[in-house]
Amino acid sequence: MVMTEARESETAKLVAALRAELGETTLTTDPDVLAGHTTDWTRRFSGPAAGLVRPSTTEEVVQVMAACNRLGIPVIPQGGNTSMVAGSVPTGAEDWQDRPLPIILSTLGLRRLDPVDTLTGTLTVGAGVTLAEVQHQAATAGWLYGVDLGARDTATIGGTCATNAGGIRVCAYGMTRRQVIGLEVVLADGSVISRLGGLPKDNTGYDLNGLMVGSEGTLGVITAVRLQLHSPPGPSTLALVGVESMAAALDLVASSVPAGEHLLGAEIIDAAGMALIAEVADLPNPLASPWPYVLLVEATGDWLNLPDESDAVVGMDHAARAKLWAYREKQPEAISTLGIAHKLDISVPLAHLDALTQGARELVPPDAVIIVFGHLRDGNLHVEIAGVPADDRELDHAIFELAAGLGGVLSAEHGVGRAKAAWLHMSRSEAEIATMRSIKSSLDPVGILNPGALLV
């Protein structure tokens, strides 16, 4: 939808007023710069923005939020822009007809990176620090950060906190919320909540850290985080094993981890995913024959209890494990080579994983490509579909409805964003949504923080 002259004039006036408050160098409206911030990683979602601000300190974030709150300018917080649900980019112009175009607030300049506190096993970092940088900082000091995912080189800590990211180590360490023991957050009006102390026992009121983690930038802008680290698990063994079904994979996971050892990861890839990655990523299937599914199971110790008849490849050193993990980590990129894909992350009870997979395949047009992979032990599957129009919302609806009917939810770790907000009622009750709206209106009465994301 083309903006009207009146709309363009209104946007220009607001941008000019904001620039007057922030300074000439803080706000850019350069279309070439904006282009890299207005389309999400999937390329499925994009929209217009009035400008981009790139603060490098909490004080600058305070200034931006206070000014935007006074002027009524929407703000979309954005980290590494790895969202797959339009959580950190605007969508179509039609979504902004009743309000000014948004400003994108990039947190990439918030680069605080403290030394690891070895006494407490904690690490304090700015929101713009990447997951890979946190992992390196922790490892250098002899510690481990519990969250890991394929986008580690670009995903930021602020973004992973805002979405409560999961990844491949959830079964061992839990999701991001479990790693966060302190937060600094700038609210819509520029007020600052600073809970970076990270005391292990603090029973003085509401859990504001827990509230902000997973709020998708709708309640505040996360500027710094204190993370709880873990002792490294020691040597581990990883096996890539062919299995007939999700149920068989679950049974194998339950029986394969030796007594006294700990499960570190359990991932599943279907046959279509293995075939595609062999074609586009030069990763031929290492098993003796194709299987309906391939299971990646990793546990501490130097062996796994695999049946003698298993078709399996085992990796025990770092290089061998990394090679096997590549089959899983390159899946999102592999399907993206087929065009713009629907990337739907679903969570259902473990007993219904096969039903979800079969049901999703039946819903997809015969000329489309569907690949299913994901976090088996967590009940979280990524249903990725190429060969259907990017704006096919009916297919999304059908798969979300399928998941809900199986007792699942429409988002396991990517968040809700704008892409799934219309279907939130499938996963949350009316009372829950009403409570969420009440919290939102209390903390952001003007409604400037990431409007349209999570709550419509």
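Might you let me know whether segment 115-126 holds any residue that is surrounded by fewer than 22 Cβ atoms within 10 Å (Cβ to Cβ), closer than 16 Å to ILE222 by Cβ and out of contact with any His (no Cβ under 9 Å at 6 or more places or on another chain)?
Yes, the conditions are met somewhere in segment 115-126.
Would you point out which residue out of THR154, THR160 is outside the structural domain of ALA66 (by TED's automatic domain parsing) and either in contact with a Cys (Cβ under 7 Å, 6 or more places away or on another chain) or buried (at least 17 other Cβ atoms within 10 Å of the Cβ) (or both)?
THR160
Quick check: is even one residue across segment 272-282 in contact (Cβ under 8 Å) with a residue 60 or more places away in the chain and either among the basic types (Lys, Arg) or over 23 Å from GLY166 (Cα atoms) (or both)?
Checked segment 272-282: at least one residue is in contact (Cβ under 8 Å) with a residue 60 or more places away in the chain and either among the basic types (Lys, Arg) or over 23 Å from GLY166 (Cα atoms) (or both).
Considering only segment 19-37, I want to know if a residue exists there that is more than 25 Å from VAL225 (Cα to Cα) and surrounded by 22 or more Cβ atoms within 10 Å (Cβ to Cβ).
no
Scan segment 152-181 for residues that are outside any loop (DSSP other than H, G, I, E, B), over 14 Å from ALA132 (Cα atoms) and not polar (S, T, N, Q) and jot them down.
CYS161, ALA162, VAL170, CYS171, ALA172, TYR173, ARG177, ARG178, VAL180, ILE181
Just one of the numbered conditions (1) outside any loop (DSSP other than H, G, I, E, B); (2) among the hydroxyl-bearing types (Ser, Thr, Tyr); (3) at pLDDT below 95 is not true of THR223; which one?
THR223 satisfies all of (1) outside any loop (DSSP other than H, G, I, E, B); (2) among the hydroxyl-bearing types (Ser, Thr, Tyr); (3) at pLDDT below 95 except (3).
Looking at ASP378, ASP391, can you tell me which residue is surrounded by fewer than 19 Cβ atoms within 10 Å (Cβ to Cβ), outside the structural domain of THR42 (by TED's automatic domain parsing) and either touching a residue at least 12 places away in the same chain (Cβ under 8 Å) or under 23 Å from ARG43 (Cβ atoms) (or both)?
Sole residue among the options that is surrounded by fewer than 19 Cβ atoms within 10 Å (Cβ to Cβ), outside the structural domain of THR42 (by TED's automatic domain parsing) and either touching a residue at least 12 places away in the same chain (Cβ under 8 Å) or under 23 Å from ARG43 (Cβ atoms) (or both): ASP391.
Of the residues VAL253, VAL314, VAL241, which single one is more than 30 Å from ARG44 (Cβ to Cβ), β-branched (Val, Ile, Thr), more than 28 Å from the chain's Cα centre (by Cα) and outside the structural domain of VAL192 (by TED's automatic domain parsing)?
VAL314
Given LEU306, LEU238, which one is at pLDDT 95 or above and in contact with a Leu (Cβ under 6 Å, 6 or more places away or on another chain)?
LEU238 is the lone residue from the list that is at pLDDT 95 or above and in contact with a Leu (Cβ under 6 Å, 6 or more places away or on another chain).
Here is a yes/no grid of residues against (1) outside any helix (DSSP H, G or I); (2) of a type in the set (Val, Ile, Thr); (3) within 23 Å of THR130 (Cα to Cα):
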residue: ALA16; (1), (2), (3): no, no, no
residue: ARG19; (1), (2), (3): no, no, no
residue: PRO48; (1), (2), (3): yes, no, no
residue: VAL61; (1), (2), (3): no, yes, yes
residue: MET84; (1), (2), (3): yes, no, yes
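Which pairs have Cβ atoms under 6 Å, sit 6 or more apart or on different chains, and link a residue in segment 6-30 that is of a type in the set (Gly, Ala, Ser) to one that is modelled with pLDDT under 85 and surrounded by fewer than 15 Cβ atoms within 10 Å (Cβ to Cβ)?
none
Go through segment 324-348 and report how many residues are in a helix (DSSP H, G or I) and within 21 Å of HIS414 (Cα to Cα).
Of the residues in segment 324-348, 11 are in a helix (DSSP H, G or I) and within 21 Å of HIS414 (Cα to Cα).
Of all residues in segment 319-331, how many are touching a strand residue (DSSP E or B) at 6+ places or on another chain (Cβ under 7 Å) and under 13 Å from GLY273 (Cβ atoms)?
Final tally of qualifying residues: 3.
Report yes if some residue within segment 349-368 is outside any helix (DSSP H, G or I), surrounded by 16 or more Cβ atoms within 10 Å (Cβ to Cβ) and within 20 Å of the chain's Cα centre (by Cα); otherwise report no.
no
To keep it simple, each residue is scored yes or no on (1) free of Cβ contacts under 8 Å to residues at least 60 places away in the same chain; (2) assigned to a strand (DSSP E or B); (3) among the β-branched types (Val, Ile, Thr).
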residue: VAL125; (1), (2), (3): no, yes, yes
residue: ALA132; (1), (2), (3): yes, no, no
residue: GLN137; (1), (2), (3): yes, no, no
residue: GLY150; (1), (2), (3): no, no, no
residue: LEU183; (1), (2), (3): yes, yes, no
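Restricting to segment 50-59, give me the number of residues that are buried (at least 19 other Cβ atoms within 10 Å of the Cβ) and assigned to a helix (DSSP H, G or I).
Final tally of qualifying residues: 1.
Can you name the number of the only condition in (1) in a loop (DSSP other than H, G, I, E, B); (2) at pLDDT 95 or above that GLY415 fails?
Evaluating GLY415 over (1) in a loop (DSSP other than H, G, I, E, B); (2) at pLDDT 95 or above leaves (2) as the failure.
Specify the residue that is farthest from LYS13 (Cα to Cα); the eligible residues are those in segment 63-82 that are assigned to a loop (DSSP other than H, G, I, E, B) and under 16 Å from the mean Cα position of the chain (by Cα).
THR82
Please count how many residues of segment 31-40 are within 21 Å of the chain's Cα centre (by Cα), without any contact (Cβ under 8 Å) to a residue 60 or more places away in the chain and outside any strand (DSSP E or B).
Total satisfying the criteria: 2.
The values are calculated or read from the model by the stated rules, or taken from the named source; none is laboratory data. These numbers were taken from a predicted model, which means no experiment stands behind them. Ideal geometry is used to build each Cβ from the backbone, glycine not excepted, and the neighbour counts take in all protein chains shown.
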